[in-house]
1. Quick one: which residue in 44, 30 is in contact with a helix residue (DSSP H, G or I) (Cβ under 8 Å, 6 or more places away or on another chain), under 26 Å from residue 304 (Cβ atoms), touching a residue at least 40 places away in the same chain (Cβ under 8 Å) and assigned to a loop (DSSP other than H, G, I, E, B)?
2. For region 246-265, check the following and say yes or no: at least one residue is over 29 Å from residue 38 (Cα atoms) and part of a strand (DSSP E or B).
3. Among the residues of region 202-213, is any in a loop (DSSP other than H, G, I, E, B), under 25 Å from residue 79 (Cβ atoms) and not assigned by TED's automatic domain parsing to the domain that holds residue 417?
4. Among the residues that make up region 109-128, is at least one of them buried (at least 17 other Cβ atoms within 10 Å of the Cβ), more than 24 Å from the chain's Cα centre (by Cα), in a loop (DSSP other than H, G, I, E, B) and at pLDDT 95 or above?
5. Quick check: is even one residue across region 140-151 outside any helix (DSSP H, G or I) and at pLDDT 95 or above?
6. Answer yes or no as to whether residue 236 is touching a residue at least 24 places away in the same chain (Cβ under 8 Å), part of a strand (DSSP E or B), touching a strand residue (DSSP E or B) at 6+ places or on another chain (Cβ under 9 Å) and within 26 Å of residue 286 (Cα to Cα).
7. Counting only residues that are in a helix (DSSP H, G or I) and in contact (Cβ under 8 Å) with a residue 24 or more places away in the chain, which one in region 185-201 is surrounded by the most Cβ atoms within 10 Å (Cβ to Cβ)?
8. Would you confirm, using the coordinates I've provided, whether residue 169 is within 21 Å of residue 210 (Cα to Cα), assigned by TED's automatic domain parsing to the domain that holds residue 225 and at pLDDT below 95?
């Protein structure tokens with residue numbers, strides 16, 4: 001067989017290539033429900049990032065590293081912080097943009113936002129950081145934002161990373177102040193990751209700043225953990241595959257969205273809207289909604305939800321969309337209802353319910369109701385264990401239950417409660433946001 005090789009090459013060039021897309025999951029914990037009853041079911045809307053095959057595919061970073069250099073950071077803390085920042089810089093490529101900011105009573109731009117063309121110069125600047133006075137956390141965060149804004153583009157991963165070991169005692173210092181700041185930055189596509197080091201920082205403030213901007217938070221108990229945590233954070237930034245992710249979920253007439261268990265959502269009639277600033281490679285983020293459904297007859301099937309996802313694909317630079325839906329079936333059979341349970345979704349639902357209960361237990365301890373907090377932690381452990389048994393065993397739920405038992409014991413011990421509380425708040429945030437580390 002003879003053919004014109006040039007024509008054949010043109011033919012191959014015309015064959016469309018299919019770019020990777022986000023994977024959308026629309027599922028319910030109970031695909032089969034009891035007939036004849038109004039009831040509430042758990043609906044999961046999950047989004048999983050596709051795999052980046054090479055370093056060349058990843059979008060450039062635009063990152064500000066903001067380091068507390070107040071007096072309490074003296075010694076091992078500041079040295080570990082500098083070492084961690086240096087290790088992070090060494091991961092960057094020439095296409096990336098980085099800035100380094102320090103703060104005590106005042107704010108200092110150690111290295112202004114620039115392309116990473118001379119790592120040695122950046123590293124030398126970091127090595128020169130010395131400790132100073134108080135903690136102007138708000139102003140330090142603002143300066144990090146300003147440096148990121150200099151080169152802000154939608155096609156970049158725009159992020160501020162803040163490390164502090166103390167309380168914000170210069171400038172605005174309330175949790176609401178920082179929540180408002182985080183919401184503003186997140187709304188502009190700039191996420192803030194916060195690292196709280198040791199026992200002295202305000203975990204509520206740092207978590208609010210991060211979560212309001214769709215960033216990460218990590219409680220770092222010991223300074224020698226800093227390098228590992230910095231590397232993990234930079235690895236997430238290096239693996240962003242989608243930005244400006246917006247979901248719209250529509251329910252049929254007669255079905256009512258009740259609440260979201262883990263993310264702020266906009267509920268209007270039969271529609272629920274929410275989103276994320278970014279999705280990472282091979283990492284899933286999801287929302288669990290509680291939905292009230294009307295009674296149905298035996299064998300009847302009904303659509304439960306339709307979801308549409310729109311986002312910016314960081315590989316193709318295009319605006320993509322995917323859609324999905326799920327349904328429920330009514331049955332008179334209790335056994336069929338039980339056998340149909342979607343175990344992974346059910347586990348996630350119970351874990352998020354337990355997460356809310358854990359927050360309530362911490363709130364009781366904050367009010368000084370130690371015995372009430374102890375009972376609440378233990379009750380939560382029982383709730384987790386009972387639901388683990390209801391689906392034939394769940395290692396995941398049992399582990400969370402064991403953690404609640406430990407928290408119940410520590411609630412009675414003032415010497416342990418400070419760090420235990422930080423660990424609890426850290427866990428609550430990571431569970432709600434499916435943080436990868």
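The values are calculated or read from the model by the stated rules, or taken from the named source; none is laboratory data. Since we're looking at a predicted model, the values are computed, not measured. Cβ coordinates were reconstructed from backbone atoms using ideal geometry, including for glycine residues, and neighbour counts include every protein chain displayed.
1. Numbers: 44 fails: assigned to a loop (DSSP other than H, G, I, E, B).
So the residue among 44, 30 that is in contact with a helix residue (DSSP H, G or I) (Cβ under 8 Å, 6 or more places away or on another chain), under 26 Å from residue 304 (Cβ atoms), touching a residue at least 40 places away in the same chain (Cβ under 8 Å) and assigned to a loop (DSSP other than H, G, I, E, B) is 30.
2. So the first thing to find is which residues in region 246-265 are over 29 Å from residue 38 (Cα atoms), and the list is 246.
When the remaining residues are screened for being part of a strand (DSSP E or B), the result is 246.
Scanning region 246-265 turns up at least one residue that is over 29 Å from residue 38 (Cα atoms) and part of a strand (DSSP E or B).
3. Of all residues in region 202-213, those in a loop (DSSP other than H, G, I, E, B) come to 202, 213.
Going one step further and asking which of them are under 25 Å from residue 79 (Cβ atoms), we end up with 202.
So of that shortlist, the ones also not assigned by TED's automatic domain parsing to the domain that holds residue 417 come out as 202.
Looking for residues that are in a loop (DSSP other than H, G, I, E, B), under 25 Å from residue 79 (Cβ atoms) and not assigned by TED's automatic domain parsing to the domain that holds residue 417, one finds at least one in region 202-213, hence yes.
4. yes
5. Step one: filter region 140-151 for residues outside any helix (DSSP H, G or I), giving 150-151.
From what's left, at pLDDT 95 or above: 150-151.
The answer is yes, given that some residue of region 140-151 is outside any helix (DSSP H, G or I) and at pLDDT 95 or above.
6. On the way: touching a residue at least 24 places away in the same chain (Cβ under 8 Å): yes; part of a strand (DSSP E or B): no; touching a strand residue (DSSP E or B) at 6+ places or on another chain (Cβ under 9 Å): yes; within 26 Å of residue 286 (Cα to Cα): yes.
It is false that residue 236 is touching a residue at least 24 places away in the same chain (Cβ under 8 Å), part of a strand (DSSP E or B), touching a strand residue (DSSP E or B) at 6+ places or on another chain (Cβ under 9 Å) and within 26 Å of residue 286 (Cα to Cα).
7. If we filter region 185-201 for residues that are in a helix (DSSP H, G or I), which is where we start, we get 185-187.
Among the residues that remain, those that are also in contact (Cβ under 8 Å) with a residue 24 or more places away in the chain are: 185-186.
On the way: 185: 27, 186: 20.
Checked region 185-201; the qualifying residue surrounded by the most Cβ atoms within 10 Å (Cβ to Cβ) is 185.
8. On the way: within 21 Å of residue 210 (Cα to Cα): yes; assigned by TED's automatic domain parsing to the domain that holds residue 225: yes; at pLDDT below 95: yes.
So residue 169 passes the test.
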